[in-house]
1. Scanning for something in a loop (DSSP other than H, G, I, E, B), closer than 23 Å to R29 by Cβ and in contact with a strand residue (DSSP E or B) (Cβ under 9 Å, 6 or more places away or on another chain), does segment 75-91 turn up at least one residue?
2. Any residue in segment 108-123 that's assigned by TED's automatic domain parsing to the domain that holds L170 and closer than 20 Å to T42 by Cβ: show its pairings with residues that are of a type in the set (D, E) and surrounded by fewer than 22 Cβ atoms within 10 Å (Cβ to Cβ) at Cβ separation under 7 Å, as long as the two are six or more apart or on different chains.
3. Look at segment 110-148 and say how many of its residues are buried (at least 23 other Cβ atoms within 10 Å of the Cβ) and in a loop (DSSP other than H, G, I, E, B).
4. State whether the residues of segment 196-209 include one that is part of a loop (DSSP other than H, G, I, E, B), surrounded by 15 or more Cβ atoms within 10 Å (Cβ to Cβ) and either assigned by TED's automatic domain parsing to the domain that holds M147 or of a type outside the set (F, W, Y) (or both).
5. Test G32 against the criterion of being out of contact with any helix residue (DSSP H, G or I) (no Cβ under 6 Å at 6 or more places or on another chain), part of a loop (DSSP other than H, G, I, E, B), of a type outside the set (F, W, Y) and modelled with pLDDT of 50 or more, and give yes or no.
6. Looking at segment 167-194, which of its residues are part of a helix (DSSP H, G or I), charged (D, E, K, R) and closer than 22 Å to E132 by Cβ?
7. Within segment 168-181, count every residue that is hydrophobic (A, V, I, L, M, F, W, C), out of contact with any strand residue (DSSP E or B) (no Cβ under 6 Å at 6 or more places or on another chain) and crowded, with 19+ Cβ neighbours inside 10 Å.
8. Any residue in segment 139-159 that is touching a residue at least 24 places away in the same chain (Cβ under 8 Å) and on the phi > 0 side of the Ramachandran plot?
Amino acid sequence: MLESRPPRGAANDPRGILLDAGAAKNVTRLAGKVALITGGGTGIGRAIALAFAREGAGVAVAGRRLEKIREVAREIQKEGGAGFAMECDVTRSVDVERAVKGTVERFGRLNVLVNNAGALHVSTVEGISEEEWDRVMTVNVKGPFLMSRAVLPEFRKAHGGAIVNIGSILGLIAMKDRAAYCASKGGVTMLTKAMAMDHAHENVRVNCICPSIVETELLAGLFDESERGQALRKARVASIPLGRIGRPADVAEMAVFLASEESSWVTGVEIPLDGGLSAY
């Protein structure tokens, strides 16, 4: 086994992340870092977890569906990386605290948080129940709040850290039939900016990726295989200047950049990752 290069200031840390020697050649941009990723079992979260592991990070994959996050952790381990699964509902503070504690117990530190867990509802304000409105707000806004608050003490111990929020282009511009989602993702955008200002003096950077539509399991619910569903998909693609729907890897690579030292002078920004959609 080969120990990865520890972060600066931790050369004597005996709790370094162990990686298989065959993966050592891939230990680069996130070497020595430990990341906690919510909603890591599928779609964008899974892609981010795998990308972080390939770049040398120790990865705690958090989510509600235990079997899904275990699959991702096993995939990371199969590729020679350091990953494990943490069952976590981001709307419950007890789960959040346990996930942070478990990550630190496993890896000895925590350097990066990716707030990826999210909920979508398609409706106007008249078409959504109060209970469903609360669910979207709780997952999309309260979740990042609870997670971010919980990691800050560990970031201080590490003399800094990075929070990467997965927002949405609908946190920057509006769309029909997405009232609750737009409101919640707008909250994520402004939470990002506020936290960035509050914690910059502690070397804690907070940034937000704002994707447009991305090829995930959620997409199947929006565009089914019917003629109408495929026509809707074609129309959506036509609205994107680059002519394609986003891929989870597109978001994952941006997340790697924002978690790495390459973005050490970047904080408080919301990055449209939308194929040019918001350029209209």
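1. yes
2. These pairs meet every condition: H121/E132; V122/D177.
3. Count: 5.
4. Within segment 196-209, one or more residues are part of a loop (DSSP other than H, G, I, E, B), surrounded by 15 or more Cβ atoms within 10 Å (Cβ to Cβ) and either assigned by TED's automatic domain parsing to the domain that holds M147 or of a type outside the set (F, W, Y) (or both).
5. In short, yes.
6. K185
7. Number satisfying all stated conditions: 2.
8. yes
The values are calculated or read from the model by the stated rules, or taken from the named source; none is laboratory data. Remember, it's a predicted structure, so these values are computed and weren't measured experimentally. Cβ sites come from the backbone with ideal geometry, for glycine too, and all protein chains shown count toward neighbours.
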